[in-house]
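Notes follow the structure.
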Amino acid sequence: MDTTHCAVDGWVDAVPAPGPNGPGTATFDLIVQPANIAIDADTIDDAVTDDVPDTVITCTSEDTRITRELLNGIQPGDLLRATGTLIPPPAPGEPARLAVDALEVLDTGLVPILREMVLDRYGDYVVIFDADIDAVPVFTAYGAWVGWADNPDAIAHLIDIHERVNGGDA
């Protein structure tokens with residue numbers, strides 16, 4: 001199996017996840033745009049180079065410092081430079097894998113703005129405001145269902161009932 005040591009710049013596709021090789025490992029996908037190739041402007045137009053598809057590289061790390069940063073600080077849309085050993089795909093059609101031994105954050109992704117729904121916290125409770133409906137779903141901070149408040153003014157009443165029934169524990 002032929003391996004190559006390289007550095008790859010790409011955007012994080014999804015939230016990094018704990019790796020399959022046990023504690024202290026992490027896995028994530030980088031979306032990498034093909035390198036720009038110097039092409040004579042008279043022979044090809046820019047639209048052709050824009051049609052080259054992006055490549056997905058699956059990355060793994062077994063370095064606990066890198067894993068901690070991946071699992072706690074990296075978000076989708078962050079631009080990273082991952083340096084490590086590029087391992088070719090084991091079979092045709094499968095992705096290449098990069099075993100990361102150094103990681104650098106080049107740019108952070110934009111924070112998404114929720115336009116239609118907003119999460120809010122009421123102590124040990126979480127509510128979801130939806131612009132399309134008056135009713136408000138209420139959950140405990142641990143994700144247990146509490147119920148529907150008929151409108152935002154009824155949230156405190158619903159939480160009060162839940163605490164009386166459940167002994168005040170969210």
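The values are calculated or read from the model by the stated rules, or taken from the named source; none is laboratory data. The model shown is predicted, which means the values in this text are computed figures rather than measured ones. When we count neighbours, we look across all protein chains shown, and the Cβ atoms used for this are built from the backbone with ideal geometry, even at glycine. Remember, those area values only see protein heavy atoms, side chains included, never the ligands or the DNA or RNA. Shrake-Rupley method; radii C 1.70, N 1.55, O 1.52, S 1.80 Å.
Structure notes:
- For the residues C6, C59, a 1.4 Å probe over the protein chains yields an accessible-area ranking, largest first, of C6, C59.
- Segment 90-170, accessible area per residue, ligands and nucleic acids excluded (1.4 Å, Å²): 71
- Between T3 and T108, the C-beta separation translates, for a Förster distance of 22 Å, into a calculated FRET efficiency of about 0.15.
- The length gained on full extension between A99 and A131, counted as 0.36 nm times the residue separation minus their Cα-Cα distance, comes to 7.1 nm.
- Treating r as the C-beta distance of V118 and R68 and R0 as 41 Å, the FRET efficiency rounds to 0.85.
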